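The values are calculated or read from the model by the stated rules, or taken from the named source; none is laboratory data. On a predicted model such as this, the values are computed, not experimentally measured, just so you know. We place every Cβ from the backbone using ideal geometry, glycine too, and count neighbours over all the protein chains shown. Please note that ligands, DNA and RNA were not included when accessible areas were found on the heavy atoms of the full protein model with its side chains. Shrake-Rupley method; radii C 1.70, N 1.55, O 1.52, S 1.80 Å.
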Amino acid sequence: MYASREDIGYDFGDDSKVGSKPIKPNPNIDGGWAWMIVLSSFFVHILIMGSQMALGVLNMEWLEEFNQSRGLTAWVSSLSMGITLIVGPFIGLFISMCGCRTTAIIGGILNALGWILSAYASNVHYLFLTFGVTAGIGSGMVYLPAVVMVGQYFQKRRALAQGLSTTGTGFGAFLMTALLKYLCTEFGWRNAMFIQGAISLNLCVCGALMRPLSPKDLREKHVVRNDSEENRSKALSHSTETVKSNGVLGEEPEKKEEAANEEVLGSVQHIEIGGKSGSGRSMYGLRLFKTVSQLTLTVRKGFGLWYSSYFGAASLFTNRVFVAFIIWALFAYSSFVIPFIHLPEIVKQYNLSRQDNVFPLTSIIAIVHIFGKVILGIISDLPCISTWNVFLMANFTLVTCILTLPLMQTYIGLAVVCALIGFSSGYFSLMPVVTEDLVGTKHLANAYGIIICANGISALFGPPFAGWIYDITQKYDFSFYIAGLLYMVGIIFLLIQPCIQKKQSREKPTEEAQV
């Protein structure tokens, strides 16, 4: 089992060199404004993920309003949930150019616009565009920065911070379900969506709270992180060798590019100074040209960082463990979503509707899910506990529950399995931490964007696939068995690739010594 990217034997070389002088860390790291970032991320999860888990209320209204098939109508919710996660890699480009704060504010406006425009829908296909695509993209533009900012502001208590922020999903599921039911009853579903759009504008406030750290603070965080790890010198030397062997972009090209950029801006300033004696119109044109030049350089720099992370020499895909992580994500999320969508039908088939109406099984998952995120986060932050080990154990528990669920035909049995599903799925709060351990803070936005993109594909196609299996077999048993087996394949990839990577890293020095 492996706890960090040094143990796995791969590093992107984003850690700064450790100097001889002690560095006083920023007080906002692991404290101060960092907790405001957690609060902001908490409300983002309430307004986005919580709302999406409560879309069943609106789905019933859409079925009654448009008289379309259940499969076609369900695609509205699936598109919104899937696109929120699938656009992750492209949102990484916006973050590289504009930063987390600006990206989140724009996303909040776009999300609110999608809700408001959906209130005027005349058919389901209109909802595909306004709610599925527009609101989905807006949600993705807020969700990814909320996760990335927590990772940047925390070092010692990252897992706990992510756990606290992502508990907003469970709270949001309860709050938004009750709110949408009330609004639909009192005002109708169209006015309910209009009001929800106004509420979603609070995402802009959450984005405004995402105060960016300076590059100096980020470097200090890397230094503190390296100081707290064992065998620091060996890890750094090994990381340097790994970077060179994998062809990661060095600092020289970046310095040359920055020098070229400064030269361009310097020439513009020189022209501006020399043209002071000119007309006001000429000065206005020079200022406009300077602004456009600065904007162009910012876009070029952001796109270069984004492109190098995905397709360049520093591509994330050269990390085999990270590739295995992507394969795991393609199968994992559907195992969590499928029970939420198909459990009500299973309860009806087993004639357990009366017990389920008193305390729904999906509510059990949501409640225990909250505690699972916090408890797993606390356990992972213990000095003697590996986050990677906790992550894998939670995955094993979840896949066991998915394979066991079809065997339960009583309410008590289903309730116990659902409680275990809710607790073990709390590993979602550890995903950003594990991702950062694999690729480093510098590449966290792009890397986590890829992971949630894979989760989005899983959420988009997993439930329809389970329904298709039911149409063939007239049972949900095989849907859970197939989903569980695919999930197990992803877990096996997570186990095999780190072992191979570490074995290769150990064999390489031996071969060099023999040569």
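The table for this structure:
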{"read-out": "In Hz, Karplus ³J(HN,Hα) per residue of region 83-100 (6.51, -1.76, 1.60; θ = phi - 60°; x = Gly, Pro)", "value": "5, 3, 8, 5, 6, x, x, 6, 5, x, 5, 4, 5, 5, 8, 10, x, 5"}
{"read-out": "Farthest toward positive dipole pole in region 311-507 [+1 Lys/Arg, -1 Asp/Glu at C-beta], among Phe331, Val358, Gly422", "value": "Phe331"}
{"read-out": "Fraction of accessible area attributable to carbon and sulfur, region 83-217 (%, probe 1.4 Å)", "value": "71 percent"}
{"read-out": "Solvent exposure of region 385-506 as accessible area per residue, Å², 1.4 Å probe", "value": "36 Å²"}
{"read-out": "Stretchable slack from Gln474 to Arg211, in nm (0.36 nm times residue separation minus alpha-carbon distance)", "value": "89.4 nm"}
{"read-out": "Share of carbon and sulfur in the accessible heavy-atom surface of region 311-507 [1.4 Å probe, %]", "value": "70 percent"}
{"read-out": "Between region 119-138 and region 168-219, the alpha-carbon center distance in angstrom", "value": "18 Å"}
{"read-out": "Relative contact order for region 311-507, counting Cα pairs under 8 Å that sit 6 or more residues apart, in percent", "value": "39 percent"}
{"read-out": "Relative packing of 486-492, 459-465, which averages over residues the other C-beta atoms within 10 Å, highest first", "value": "459-465, 486-492"}
{"read-out": "Note, ³J(HN,Hα) from phi for region 187-202, Karplus 6.51, -1.76, 1.60, rounded to Hz, x at Gly and Pro", "value": "10, x, 5, 5, 5, 4, 5, 5, 5, 5, x, 5, 5, 5, 5, 5"}
{"read-out": "Dipole of region 311-507, positive direction: furthest Cα of Leu407, Gly456, Thr435, with charges on the beta-carbon", "value": "Thr435"}
{"read-out": "Estimated inter-spin distance, Ile375 and Tyr126, nm [label 7 Å along Cα→Cβ]", "value": "4.7 nm"}
{"read-out": "Dipole magnitude (debye, nearest 20) for region 27-223, charges at Cβ of Lys, Arg, Asp, Glu", "value": "640 debye"}
{"read-out": "Relative contact order, percent, region 27-223 [alpha-carbon distance under 8 Å, six or more residues apart]", "value": "40 percent"}
